[in-house]
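A.B. asks: Structure below; questions to follow.
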Amino acid sequence: MDKKERSIGIFDSGIGGLTVLHEIHKRLPKEHTIYLGDTARVPYGIRSPETVIRYAFESAQFLTAKNIKVLVIACNSASAVSIDTLRKSFSLPIIGVIEPGAKAAVVATRNRKIGVIGTEATIRSQAYDIAIRREDRSMEVFSHACPLFVPLVEEGWSGTIVELAGEAYLKDISDKGIDTLVLGCTHYPLLKHVISRIVGQNITLIDSAVETAKQLRAVLHELSLAATNEDKSIQEFFVTDSPARFLEVGERFLGSKIHNIKKTALAMEV
Ligand code: DGL
C-alpha cells in the first residue's frame, strides 16, 4: 500500500482523545484513522510517570503493529511524560499535544504571562512550562491542576457545580494577570464556555486539540504523507474495556457517530 494511504494512529487513556480526533477529521477528512482508548486503565492523570510511560509504550506498540504512518499521542498526561521515550523507541513521526499547545500560547500572548490547566500528572511534570520556555525563555507560566473537571465532563455536567469547581481552580492563576490560558487536557474543550466566563472573555484560550490537528496537517504535508485517496476514509476504534461506555460518552466528545469499534488487549497488560 502507498505510504500516504496508511492510517494515522491516535491513542488516549480513554475517550478524551476523541476531541483531538474530532479536530483531525475536520482538517484532514481524507485520512484513515485508528483510535485506541485505553479505557481499562483510565484515568492516566492521577498516575505516576513510570506507570503512564509503560501504558503509553504498550499503546504505541499496538498501533505501530498496524502499519500506521504517524502516531498522535492525543492525551496530555501521556504526552507530558512519555513522548521522549516513545520517540526514542519507535522510528515513525510522533506528535504529542503539549508542543503544539505551548507554541500557540507563545504566539498568542501579549504580556508574556501564560496560564496552564491540566490533570495532576500533566501539571506535576511541568511539561507545558518546559515547552513554553523552550520557545521563549522570557515567558512566565502559572499552572494549576483541575482534577475534578475530567469526571464532571464525562458525567455531562455543565451548570453550577462546574462553575463552583472552576472558580476554585482558576482563581489563583486569573489573579496572576495572565492573558492566555492553555486548556491542557483532552476534556477541557468541552468546558470552554464555562472557563471563558470565569476567567473573562479577554483571556485567549488555547485548545491543544485544535493546535495538534494543525501540527499533524503540517507534518503530513512536510513529509509528503498526506492522503490523496478520493474514497471515503475509514475510522477504526479500539478500546481495552467494554465498548458500551465509550460509545455512550464518546459520541458527545467526537461530535459524530462511532462505528467500527473492537475490544482489544494490549501486549503486556497486567
Ligand atoms: N486524557 C487525559 C489528559 O488529557 C485526561 C483523562 C485522564 O486522566 O486519563 O490528560
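A.B. asks: Compute the long axis of helix 49-64 from its Cα atoms, compare it with the longest principal axis of the Cα atoms of the chain, and write down the angle in degrees, 0 to 90, nearest 10.
C.D. replies: Compared with the principal axis, the helix lies near 30 degrees.
A.B. asks: Please report Val106, Val72, Val153 as a ranked list, fewest other C-beta atoms within 10 angstrom at the top and most at the bottom. Mind dumping the intermediate values first?
C.D. replies: Working: Val106 20, Val72 29, Val153 24.
Fewest-to-most ranking of Val106, Val72, Val153: Val106, Val153, Val72.
A.B. asks: Mind jotting down the distance between the C-alpha centroids of the stretch 76-116 and the stretch 222-270, whole Å?
C.D. replies: Computed from Cα coordinates, the inter-centre distance equals 22 Å.
A.B. asks: Report Rg/Rh for the chain, rounded to two decimals, where Rg is the Cα radius of gyration and Rh the Kirkwood radius. Spell out each step's value before the answer.
C.D. replies: Details: Rg = 17.7 Å, Rh = 18.6 Å.
Rg divided by Rh gives 0.95.
A.B. asks: With angles folded into 0 to 90 degrees, how steeply does helix 98-108 sit against the dominant principal axis of the chain? Use alpha carbons for both and round to 10.
C.D. replies: So the inclination is approximately 40 degrees.
A.B. asks: If I build a Gaussian network model for the chain, linking alpha-carbon pairs within less than 10 angstrom, which residue out of Ile161, Ile203, Ile34 has the largest mean-square fluctuation?
C.D. replies: Top of the fluctuation ranking is Ile161.
A.B. asks: Can you give the three extents of the C-alpha atoms in the stretch 169-241 along their principal axes, from longest to shortest, in whole Å?
C.D. replies: In descending order, the Cα extents are 49, 36, 18 Å.
A.B. asks: So how far, in whole Å, is the C-alpha centre of the stretch 127-169 from the one of the stretch 37-63?
C.D. replies: Spelled out, the Cα-based centre of one part sits 21 Å from the other.
A.B. asks: Magnitude of the Cβ-charge dipole of the stretch 96-248, K/R +1 and D/E -1, about the Cα centre, nearest 20 debye?
C.D. replies: Details: 16 positive and 21 negative charges, 118 e Å.
The dipole magnitude comes to about 560 debye.
A.B. asks: Give the residue list of trypsin sites (Lys or Arg not before Pro) in the stretch 166-253 that are DSSP loop and have at most 15 other beta-carbon atoms within 10 angstrom.
C.D. replies: On the way: sites: Lys171, Lys176, Lys192, Arg197, Lys214, Arg217, Lys232, Arg245, Arg252; in loops: Lys176, Lys232.
Sites meeting the loop and neighbour criteria: Lys176, Lys232.
A.B. asks: For the stretch 114-220, what does the relative contact order come out to in percent, with C-alpha contacts under 8 Å and a separation of six or more? Spell out each step's value before the answer.
C.D. replies: Numbers: 130 pairs, mean separation 32.7, N = 107.
For the stretch 114-220, the relative contact order is 31 percent.
A.B. asks: Across 5 Å bins from 0, what is the distribution of all Cα-Cα pair distances for the stretch 102-156, in whole percents?
C.D. replies: Final binned percentages: 4, 20, 27, 19, 14, 9, 5, 1.
A.B. asks: Under a no-solvent Debye model with one identical scatterer per Cα of the stretch 1-129, what's log10 I(q)/I(0) at q = 0.12, 0.15 Å⁻¹?
C.D. replies: -0.45, -0.70
Every number in this text was worked out from the coordinates using simple rules, so none of it is lab data. It should be emphasised that the depicted structure is a prediction, and the values quoted were computed from it without experimental measurement. Cβ sites come from the backbone with ideal geometry, for glycine too, and all protein chains shown count toward neighbours.
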